[in-house]
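Colleague: One structure follows; several queries about it will come next.
Bear in mind these aren't lab numbers, they're just calculated from the coordinates by the rules spelled out. Since we're looking at a predicted model, the values are computed, not measured. Every residue, glycine among them, receives a Cβ derived from its backbone with ideal geometry; neighbour counts consider all protein chains shown.
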Amino acid sequence: MPLDIYDKIMMLAKRRGFIYPAFEIYGGIAGFYDYGPLGSRLKQNIENLWRSFYLLKDNCVEISTPTITLHEVLKASGHVDEFTDLTVDCKKCKASYKVEGIIEEGIIVEDAVKNDRIKCPTCGAILKDPYPVNLMFSTTIGMGEGRAAFLRPETAQGIFTNFHLLYRYAREKLPFGVIQVGRGYRNEVSPRQGTIRMREFSMAEAEIFFDPKDKTHHNFDSVKDKELYLFDNEKEMKISMGQSVETKVINNQALAYYMYLTQEFLMSAGVDPKKFRFRKHASDELAHYAQECWDAELFSERFGWVECVGIADRSAYDLSAHIESSGTDMYAMRKYSEPKIVEVKKIVPKMGALGPLFKGKADKIKTVLENMELKESKKISVDIDGEILEIPDDCYDIVETKEKVAGEKFVPHIIEPSYGIDRILYCVLEHNYREIKKKGEEYRLLKLNALVAPIKVGVLPLISDERLVKVAKEIDKNLRNAGIATYYDEGGTIGRRYARMDEAGTPFCITIDHDTLEDNTVTIRDRDTTEQERKKIEDAVQYIKDKTSQ
RNA sequence: GCGGAUGUGAUCUAGAGGUUAUGAUUAGGGCCUUCCAAGCCCUCUGCCCGGGUUCGAUUCCCGGCGUCCGCACCA
């Protein structure tokens, strides 16, 4: 079989130090890859470019939380239950299935298991002994029993569990956004598509907290004429931001805005616009927490359309879950323009009467009474640990007071753009890989965008003449001191060195020749045109800086 | 997870039950060299792992792991 583009990219990636299979000397393990020197830097550059969009353009803040996450967090978030699939194998035809997927409609999984109602969809045999499969890596914290924990399947929960603190940090104003860049872990059943599906992967997530009554975005007007490439599972369309929200193709401004930001980011990272689209999730493929979700998909010649970014409206799901499960107040306040005066009828317990009558239970009764909604019925009874107690009239007063109410409490909604960095990185490599013929010979190059290229400039003395080498090394040092990633090379011929830089995706090369010694000029070679321009050394440095800084 | 195919330096590849396992590319050193993988000389790196059969296994058999294809899975 001829090598396809994936094979070629993985070959180049390994040879040039972008991507290696992890633990290869011990046989390797599916779903794990190492980033080599160039890959690491490319990944960092992509991540930092992403940060510049969210931290600077959108004014989010960044936090960093542990990858090991307490069981309680993921139980509350729904991952423990939703990530666990009851699986069953057919001994006859050796297939395995999710129980949920193959039982008759309307039957509960537990009942199906109990009553032998799971049939193999292929051969019809009755299937027995289902077993749970959880896609999260589990571990324990501490010695002995310890506390149950998982490696996080997403970075988002680390942001949610800090919401009340971050809300204070944002000085109690919505909307605000928090980002996190880090590793996530999923114990995939059979990861098979290189860095597209890894068991440990890098993700960049933003969680933007909104008042559910106001999902507008303050930048929306300035970009409302920009167009988005959308695919609603039937047809592709190009539609302006403003129109997409008006016609409810996209539910709200905020969602549309982060889609736009995503599109801009991916283009700056060097994605081919012809291999990009947003696809809307059908209702049956939505994650357990999502209300609406758009994926940014990038086209791979090997893998087809690959989901690289998910932009979901998670509504109040996560914060509500953590409020209920932890008891922490994670509400936000919608302040009235002026405080409202509200007349309130309150029950004020008389402890002098309650105490002697109910003794040890009096304190609990007091708490219940104080939090009770006052109803019309005359008799008041309370439920204390399952015991219904009637409270005589003389144990409390009903007091009418006027209270100032500053606003109403609500659970913020969350819009979550979530990026799979490794997938984006692979697609960027694939979209920018070129093969051309040079003098009849195969010639490979990576046309990486200068913003993300791991090496910004190759510094090359035309020949290994001592005088040229000396100047070249000096220029190289100055460039690095100016914060520009360089690669100094004096080995072999100049053509070979250009070729090396082309394969590494380096956008520029500075060549030091004999004229340099005369007049302090160098040539700058452009990777994509191979054309050269002669400039003063200082101008060349400035030129490279301008072209490559994020 | 199931079935099939497959595994030789960093990369691509030849090979046979038996001395020191091909060739090319890359990489390193040298000569040469005033702009796109030129040439010449030298050099480094390898039979996926474990077990079995055999006097002898990188080669045959079994298992594991990796990769690829199909099925299932991918919240």
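Colleague: With θ set to phi - 60° and the Karplus curve 6.51 cos²θ - 1.76 cosθ + 1.60, what are the ³J(HN,Hα) couplings of segment A:75-80 in order, to the nearest whole Hz, using x for Gly and Pro?
Modeller: Going residue by residue, I get 5, 4, 6, x, 5, 4 Hz, with x marking Gly and Pro.
Colleague: What FRET efficiency would be calculated for the residue pair A:I398, A:D214, taking the C-beta separation as r and a Förster radius of 45 Å, to the nearest 0.05?
Modeller: 0.75
Colleague: If packing is taken as the average count of other Cβ atoms within 10 Å, what order do A:181-187, A:443-449 fall into, highest mean first?
Modeller: My ranking of the peptides, most packed first, is A:443-449, A:181-187.
Colleague: Oh, and also: Multiply the residue gap between A:Y169 and A:D546 by 0.36 nm, knock off their C-alpha separation, and tell me the result in nm, one decimal place.
Modeller: Working: separation 377, 0.36 × 377 = 135.72 nm, distance 3.51 nm.
Working it through step by step, the gained length comes to 132.2 nm.
Colleague: Would you please state the base-10 log of I(q)/I(0) at q = 0.15, 0.20 1/Å for segment A:208-324, with intensities from the Debye formula using one equal scatterer on every alpha carbon?
Modeller: These q points yield log10 I(q)/I(0) values of -0.68, -1.16.
Colleague: Considering the Cα trace of segment A:143-293, what is its radius of gyration and what is Dmax, both in angstroms?
Modeller: 18.1, 60
Colleague: Amide H of A:A125: which non-local residues (sequence gap of 5 or more, or other chain) have their own amide H closer than 5 Å, using H built in the peptide plane?
Modeller: A:C120
Colleague: Within segment A:278-310, report the GluC sites (Glu not before Pro) that DSSP leaves as loop and that have at most 14 other Cβ atoms within 10 Å.
Modeller: Taking segment A:278-310 and a limit of 14 other Cβ atoms within 10 Å, the loop GluC sites (Glu not before Pro) found are A:E301.
Colleague: Per-residue counts of other Cβ atoms within 10 Å, averaged by peptide: what ranking do you get for A:401-410, A:496-505, A:153-162, A:420-429, highest first?
Modeller: Sorting A:401-410, A:496-505, A:153-162, A:420-429 by mean packing, highest first, produces A:420-429, A:153-162, A:496-505, A:401-410.
Colleague: Binning every alpha carbon pair distance of segment A:179-235 at 5 Å from zero, what are the percents per bin?
Modeller: Pairs per bin, as whole percents: 4, 12, 12, 11, 15, 19, 14, 10, 3.
Colleague: Taking 51 Å as R0, compute the FRET efficiency from the Cβ-Cβ separation of A:K14 and A:E324 and round it to 0.05. Present the calculation step by step, with values, prior to reporting the outcome.
Modeller: Values: r = 49 Å, r/R0 = 0.96.
The value I calculate is 0.55.
Colleague: Ranked by Cβ crowding within 10 angstrom, fewest neighbours first, how are A:I311, A:I436 ordered? Mind showing how you got there, number by number?
Modeller: Details: A:I311 27, A:I436 10.
Lowest count first: A:I436, A:I311.
Colleague: Hand me the tally of lysine pairs in segment A:470-550: alpha carbons under 16 angstrom apart, and the pair either on different chains or 8 or more positions apart.
Modeller: For segment A:470-550, the number of qualifying lysine pairs is 4.
Colleague: First check a/c for segment A:368-524, with a ≥ b ≥ c the square roots of the eigenvalues of its C-alpha gyration tensor; if it is under 1.5, answer rounded, and if not, answer prolate when a/b is larger than b/c or oblate otherwise.
Modeller: Cα axes put segment A:368-524 in the prolate bin.
Colleague: Same structure again: Along its principal axes, what span do the Cα atoms of chain A show, with the longest given first and each in whole Å?
Modeller: 105, 69, 55
Colleague: Could you check the spin-label model distance between A:E474 and A:E370? Points 7 Å from the Cα along Cα→Cβ, value in nm.
Modeller: Going by the 7 Å Cα→Cβ label model, 7.9 nm.
Colleague: A further question on this structure: Evaluate the distance, in nm, between pseudo-label points positioned 7 Å from the Cα of A:M333 and of A:K98 along their respective Cα→Cβ axes.
Modeller: Result for the modelled spin labels: 4.3 nm.
Colleague: Taking Rh as the Kirkwood radius computed over C-alpha pairs, what is the Stokes-Einstein D of segment A:401-464 at 37 °C in a medium of viscosity 0.692 mPa s, expressed in µm² per second?
Modeller: Rounded to a whole number, D works out at 185 µm²/s.
Colleague: For segment A:116-202, place one equal point scatterer on every Cα, skip the solvent, and apply the Debye formula. What is log10 of I(q)/I(0) at q = 0.14, 0.24, 0.26 Å⁻¹?
Modeller: Debye output, listed in q order: -0.80, -1.13, -1.19.
Colleague: Multiply the residue separation of A:K238 and A:S138 by 0.36 nm, subtract the distance between their alpha-carbon atoms, and state the gained length in nm to one decimal.
Modeller: Contour length minus the Cα-Cα distance gives 31.6 nm.
Colleague: Take the Cβ-Cβ distance between A:D225 and A:K361 as r, set R0 to 56 Å, and report the resulting FRET efficiency rounded to the nearest 0.05.
Modeller: That gives a FRET efficiency of 0.25.
Colleague: Sorted by average packing, counted as other Cβ atoms within 10 angstrom per residue and highest first, what order do A:63-71, A:196-204 take? Present the calculation step by step, with values, prior to reporting the outcome.
Modeller: Details: A:63-71: 15.8, A:196-204: 20.7.
Per-residue Cβ counts within 10 Å, averaged per peptide and sorted highest first, yield A:196-204, A:63-71.
Colleague: Length gain on complete extension for the stretch A:F410 to A:T529, per 0.36 nm per residue less the alpha carbon to alpha carbon distance?
Modeller: The span from A:F410 to A:T529 would gain 37.1 nm if fully extended.
Colleague: Let me ask something else about it. For segment A:22-64 and segment A:125-192, what is the separation of their C-alpha centers, rounded to whole Å?
Modeller: Here the answer is 19 Å between Cα centres.
Colleague: Shifting gears a bit: Using each residue's phi in segment A:24-29, evaluate 6.51 cos²θ - 1.76 cosθ + 1.60 at θ = phi - 60° and report the 3J(HN,Hα) Karplus result to the nearest Hz, with x for Gly and Pro.
Modeller: 4, 5, 9, x, x, 8
Colleague: A follow-up question, please. Could you pull out every residue, at least 5 positions away or on a different chain, whose amide H is within less than 5 Å of the one on A:I19? Hs are placed 1.01 Å off N in the peptide plane, and Pro or chain starts have none.
Modeller: Under 5 Å from the amide H of A:I19: A:K14, A:G36.
Colleague: Which whole-angstrom value gives the distance between the alpha carbon centres of segment A:438-496 and segment A:245-265?
Modeller: 41
Colleague: Using label points projected 7 Å from each Cα along Cα→Cβ, tell me how many nm separate A:K340 and A:I463, to one decimal.
Modeller: For A:K340 paired with A:I463, the spin-label model returns 8.7 nm.
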